[in-house]
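First the structure, in the form of structure tokens, and then the observations on it.
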Amino acid sequence: MPFVTVMAREAPVLVVVTWEKTVSASQTTTQKAIADEVNPGQWKVLKPRKGLQMIDFARLWQFRELLGMLALRDVKVRYKQTALGAAWAIIQPVTMMVVMSLFFGRFAKMNEQVGAVPYPIFLYAALLPWTFFASSVTASTNSMVVNSRMLTKIFFPRLIVPFAATGTPLVDYAMAFIVLLALMVWYSVSLSWQLLLLPALVALTIISAMGVGLILAAVTVRFRDFRYLVPFMIQVWFFITPVIYPNKMVPENWQWLIQLNPMCGIIEAFRASVLGTAINWSSLGMSTVVAVVGMAIGLLYFNQAQRKFADVI
Amino acid sequence: MNPVVIDVENLGKSYRLGSHFQLDVTLPEMISLKAKQCFNRLRGIKPEPKTDDRHFNALEDVSFQVTQGEVVGIIGHNGAGKSTLLKILSEITDPSSGQAKIRGRVASLLEVGTGFHPELTGRENIYLNGSILGMTRKEIAAKFDDIVTYSGIEKFIDTPVKRYSSGMSVRLAFSIAAHLEPEILVIDEVLAVGDVEFQNRCLGRIQEVANSHRTVLFVSHNMAAVQTLCKRVIMLDHGKIVADGKPEDVIPLYINAGKLQSEDLATRTDRNGNGQAKITGCTITDLEGNQVQLGKPWQINVEYETSHPGDRHEFDFTISSANSPRVCYLSTNMLIDGPQHWPAKGTIAVRPTDPCPFWPQNYTMSTTLKHNGSICDQMNEAVQFSVILGEQNKYNSLGRRASVMVLDAEVRVDESQKSLAENPFTADTTLQNRAA
């Protein structure tokens, strides 16, 4: 019986090939083995991985259902044994909106800065994507530590975990969106074609959140400090993002800096889509570039760091 | 000859210890350390050379091959590297050196019920756990009824798992794992949880897997299970393979290694008491000094030292198994009456009059040495020992109808219908059945 050795770990492209063959071969082997015929498929080689690792997309695809299962688990568990249940997903952002409209809008006279738009809807249209972003970052940061038992006891592509953590924020986001629609009716904001952009903006928010979330998830495995640092970081981030104030309040020569924050362009675009005002395409484009680059860095870093997860967590 | 399906060559795994990359440093510590290193380098002080004591080798130069259909037991004392080996083979962690080659779909069961969520129902957990273990939703759906039936918790399938007894959730978890259809099954000490019935079910399932021409790697401390299941046993010690062969050859080595380990009792630090007397060694063996066998005479030898020579002391011990915290308790106080003269250094030999009644599995013994009513030395799990099925004797017919203890009794069978009170046992009507 000749052995076919594939150096899978050193040539990452081959991992893909090897795995697929192993899987398809394995199904036939089980049946053949029972028939006492022996054809054990190809070798999978486990050896120290050095250098830059490629992301094993074939494996991710194989475990794709796990993404949904983990997200579903978190969603199901989230409001278990609460009296109000999923209503919390609405209560929280609405309360925030009311309090902030009062304090920032009325007392801090922010409503004079936003022109003809009613401040509550101006605020809520930004609060919504912001909350989604903030809770996605927090959830994915903590996801590795929360699931640490799984990481040390079973193999599956680790990348799935932080991505699955965005499931619950996404559901909350959808719930809170209903309130936005109600607000639009209340303030008689007419629907514009730009609302069609929202799914793309949601995707872009996930991409931005994952860029940060993946890196934070990976470092939290070693340094739990980040579990405490992240809420604080998010708070600061909130104020440098145009949520409670319009972007135009930021001085012209600081604009380039503020545009580096991917949430800046996304929130502006989200607000413009809801209110039917003109979208700042250059700002959105900048955000997209930053978000995509961030996500790529996050993916690579996480993929690189994951080799040690089970040992350090 | 079956083909090789697992080929491990010079496999090694080391963990970094020490100040360079401590695993438990906080961020400021790490930053200050790095800063200090930079500063030292600027001043021309060379960084401390990385020496070997900064590394802990969990596995070292391990090589072996497993052919298809083999059931291999992996044994060794705690810290021998068994779990590390399984973690590498199931891709949870990378080796540091060498390589392992595997062909076929691997399912690893390092823990029963990984990823179970207490708030979810049994049904939801089957899907969740199944997909964590690598099954597709379709596969799970197809096997769902079997899994539920096998676990025997049909009635509670829509109840949250947090309401289950621990036995129920373990049964459900095992049932899911049992329905994976891998070509190579890698199992860590899963038998340690659950009751005897569950353990037997596990063993039965592993046997089934083995019979269907699939490969099993099986880590256990339960020598009786290893003995029944495996045709080959690999023993690890301090990360190296020390023996690889037939169970009857390798298992005694493990037991002897255990004896050596118990001699460390003198230096053990996790002990309670005032220290005026101390247990320095303890062995549990049959009369020839070999491993305890079910139904054979056995003895406990304890070495001690005391600072009250000549006085009466009290030694007592409790034997426990994984399922029962107190299988047996004995104290010299109840066994010997009257004044006692205990030398400053000596041996206590306890020889139970009944042959060893313990069902083959692992036991631990906790010891206490008292003087004048106050505890001088107390150790939990001072000694580990396992009982095996030995030479053929009447207890061997027990098979898997195991309890913790096997009672011996006098039994009489005759034609009379009289009750015991009317017709008591006499010497000539009794079946003298005691084991030699």
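With respect to A:L204, determine if the residue is open to solvent by less than 40 Å² (accessible area, probe 1.4 Å), touching a residue at least 24 places away in the same chain (Cβ under 8 Å) and closer than 16 Å to A:L70 by Cβ. So A:L204 fails the test. Among helices (runs of 4 or more DSSP H) entirely within segment A:189-296, having at least 1 residues that are assigned by TED's automatic domain parsing to the domain that holds A:T138 and under 30 Å from A:R307 (Cβ atoms) singles out A:198-222, A:225-239, A:262-275. Restricting to segment B:120-146, name every residue that is part of a helix (DSSP H, G or I) and of a type in the set (G, A, S). Hits for segment B:120-146 are B:G122, B:G130, B:S131, B:A141, B:A142. Find the residue count for segment A:73-84, including only residues that are surrounded by fewer than 19 Cβ atoms within 10 Å (Cβ to Cβ) and at the interface with chain B (Cβ under 8 Å from one of its Cβ atoms). The number of residues fulfilling the criteria is 4. Kindly indicate whether any position in segment A:152-164 is out of contact with any Leu (no Cβ under 9 Å at 6 or more places or on another chain) and within 14 Å of chain B (Cβ to nearest Cβ). Yes, segment A:152-164 contains a residue that is out of contact with any Leu (no Cβ under 9 Å at 6 or more places or on another chain) and within 14 Å of chain B (Cβ to nearest Cβ). Applying the condition of being under 19 Å from A:T131 (Cβ atoms) and surrounded by fewer than 21 Cβ atoms within 10 Å (Cβ to Cβ) to segment A:247-271 and asking which residue is farthest from the chain's Cα centre (by Cα) yields A:N247.
Applying the condition of being part of a loop (DSSP other than H, G, I, E, B) and surrounded by fewer than 22 Cβ atoms within 10 Å (Cβ to Cβ) to segment B:223-251 and asking which residue is farthest from the other protein chains (Cβ to nearest Cβ) yields B:K246. Filtered by the rule that a residue be assigned to a loop (DSSP other than H, G, I, E, B) and out of contact with any helix residue (DSSP H, G or I) (no Cβ under 7 Å at 6 or more places or on another chain), segment B:78-102 gives B:N78, B:G79, B:A80, B:G81, B:S90, B:E91, B:S96.
Of everything in segment B:22-65 that is open to solvent by 90 Å² or more (accessible area, probe 1.4 Å) and assigned to a loop (DSSP other than H, G, I, E, B), the residue that is modelled with the highest pLDDT is B:R43. Of everything in segment A:217-250, what is of a type in the set (S, T, N, Q) and within 14 Å of chain B (Cβ to nearest Cβ)? Give them in sequence order. Of everything in segment A:217-250, just one residue is of a type in the set (S, T, N, Q) and within 14 Å of chain B (Cβ to nearest Cβ), namely A:T220. Here B:M365, B:M405 are screened, and the one residue that is surrounded by 11 or more Cβ atoms within 10 Å (Cβ to Cβ), modelled with pLDDT of 75 or more and farther than 30 Å from B:T267 by Cα is B:M405.
Of A:A176, A:A165, A:A125, all but one fail to be closer than 30 Å to A:L299 by Cα, within 10 Å of the chain's Cα centre (by Cα) and open to solvent by less than 50 Å² (accessible area, probe 1.4 Å); the exception is A:A165. The single condition among (1) over 29 Å from B:P325 (Cα atoms); (2) in contact with a helix residue (DSSP H, G or I) (Cβ under 6 Å, 6 or more places away or on another chain); (3) of a type in the set (S, T, N, Q) that B:T215 does not satisfy is (2). Taking the criterion of being at the interface with chain B (Cβ under 9 Å from one of its Cβ atoms) and closer than 26 Å to B:E124 by Cα, the residues of segment A:40-63 that qualify are A:Q62, A:F63.
Please find, within segment B:143-153, the residue that is nearest to A:K76 (Cα to Cα) out of those that are surrounded by 11 or more Cβ atoms within 10 Å (Cβ to Cβ) and without any contact (Cβ under 8 Å) to a residue 24 or more places away in the chain. Only one residue fits best here, namely B:F144.
Checking each residue of segment B:114-137 against the condition of being over 30 Å from B:H55 (Cα atoms), within 8 Å of chain A (Cβ to nearest Cβ), open to solvent by 20 Å² or more (accessible area, probe 1.4 Å) and among the aromatic types (F, W, Y) gives at least one match. If you go through segment A:156-183 and keep only what is touching a helix residue (DSSP H, G or I) at 6+ places or on another chain (Cβ under 9 Å) and without any contact (Cβ under 8 Å) to a residue 12 or more places away in the chain, you end up with just A:A174.
The values are calculated or read from the model by the stated rules, or taken from the named source; none is laboratory data. Because the structure is a prediction, the values reported are computed rather than measured. Neighbour counts run over all protein chains shown; Cβ positions are idealised from the backbone, glycine included. For the accessible areas, the whole protein counts, side chains as well, though only heavy atoms, and no ligand, DNA or RNA atoms are used. Shrake-Rupley method; radii C 1.70, N 1.55, O 1.52, S 1.80 Å.
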